[in-house]
Amino acid sequence: MQLSVRNLGSGSSGNALLVTYGEESLLVDCGVSRRALGTGLAAAGLTIAEISAVVLTHEHGDHIRAARECGATCPPVIATPGTIRAASLAGSMETLPPARSMQHGSFEITALAVSHDAAEPCGFTILAGGVRATVLTDLGHAPDNLADVAAASDLIVLEANHDEAMLRGGPYPAHLKRRILGHAGHLSNGDCGAFLARALRGNSRLPAIWLAHLSRTNNRPALAQATVEQALARAGLAASITPMQRQGHGQMWRAAE
C-alpha cells in the first residue's frame, strides 16, 4: 500500500487535501464547497461517507466550508480544542491538542502549533506505512521547532502565500497588508524558501514540496516556485517544488514504492 495525497483546492477560495492509505481516507481541511468536494472525491472513487475523518487546521471559512454545508452528515472532525469551539460545527468531534499525537486507523496524526490569527491553529504531520506527509498552511512565520518535522517528511505542504513586494505595492488596504505581513498572518515566498533551506540543509534525501495557499492577487505560481528554488539552491539543495492549483482535483502525490 502507498500513501497518496490529492489536492482538492488551495487558496482563499477553499482548501482541502485528501490523504489515502489503502482503503482508508481522511481529509485535511474541507474549505471548498460541498459540491466541489463531492466532485473531487468522486474523481478518487470515493464519497463523503467513505471518509473516516476531517482533520481541521483552524476555523476560517476557507478551511471548513464543506463541513458546515454537510452539517451532521460530515465525517468526524479532529481538531484542537480551540478550533472545535470556534468552528461550532455539528456532528462528532475529537480533540487533538498541539504537540500531541493520536492513532486513527492506520494514520498517526500529530498536531503542530502554528502562528495564525485563529483560535488555536495548527499544522499536521500524518504518518502511515512509514511515510510522512506534513501540512503547514496559514502560518505567519515558520519557527525552527518545525524544522525537524519538515526534514523527516516525504511530502511537505507549506504555505507560500505572497510575494512581499507584490503585496506591499498591491491594491490591498493598509490594515490587510499589516495582517498578512504580521507574525500571525501568512508566510511569504521568501520566508517559505528560507525555512525550507534551514530545515533541509544536510538532508541526503529531500522531500517533495507543495507550495500552498498562493494569493491570486499578490503572487504567481512561477514566481513562488522560482523564489523557493533559488533559496534551496543557495543552500546547495535541489528538491521537487510544485505550486498547488487553486481548484480542481487532478494534482496528486504518491509515495515511491
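The values are calculated or read from the model by the stated rules, or taken from the named source; none is laboratory data. Everything numeric here is computed off the predicted structure, so don't read it as measured data. Counting neighbours? That spans all protein chains shown, and the Cβs are built from the backbone with ideal geometry, glycine included. Protein only, heavy atoms only, side chains kept; ligands, DNA and RNA dropped before computing areas. Shrake-Rupley method; radii C 1.70, N 1.55, O 1.52, S 1.80 Å.
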Q: Could you list all residues from region 138-169 that are open to solvent by 20 Å² or more (accessible area, probe 1.4 Å), touching a residue at least 40 places away in the same chain (Cβ under 8 Å) and closer than 18 Å to Ala113 by Cα?
A: His141, Asp144, Asp148, Ala151
Q: Could you list, in sequence order, all residues of region 145-159 that are touching a helix residue (DSSP H, G or I) at 6+ places or on another chain (Cβ under 7 Å) and of a type outside the set (Gly, Ala, Ser)?
A: Ile156, Leu158, Glu159
Q: Look through region 76-89, keep the residues that are open to solvent by 40 Å² or more (accessible area, probe 1.4 Å) and over 14 Å from Ala53 (Cα atoms), and return whichever of them is modelled with the lowest pLDDT.
A: Ser88
Q. Are any residues in region 212-257 assigned to a loop (DSSP other than H, G, I, E, B), without any contact (Cβ under 8 Å) to a residue 60 or more places away in the chain, of a type in the set (S, T, N, Q) and more than 30 Å from Ala128 (Cβ to Cβ), and if so, which ones?
A. Thr217, Asn218, Asn219
Q) Hey, any hits in region 120-133 for a residue that's at pLDDT 95 or above, touching a helix residue (DSSP H, G or I) at 6+ places or on another chain (Cβ under 6 Å) and either of a type outside the set (S, T, N, Q) or on the phi > 0 side of the Ramachandran plot (or both)? A) yes
Q) Considering only residues of region 170-192 that are part of a helix (DSSP H, G or I) and not charged (D, E, K, R), which is surrounded by the most Cβ atoms within 10 Å (Cβ to Cβ)? A) Asn189
Q) What number of residues within region 193-225 are over 14 Å from Ala235 (Cβ atoms), surrounded by fewer than 22 Cβ atoms within 10 Å (Cβ to Cβ) and of a type in the set (A, V, I, L, M, F, W, C)? A) 3
Q: For residues that are open to solvent by 50 Å² or more (accessible area, probe 1.4 Å) and at pLDDT 95 or above, scanning just region 49-75, find the one that is farthest from Leu8 (Cα to Cα).
A: Glu50
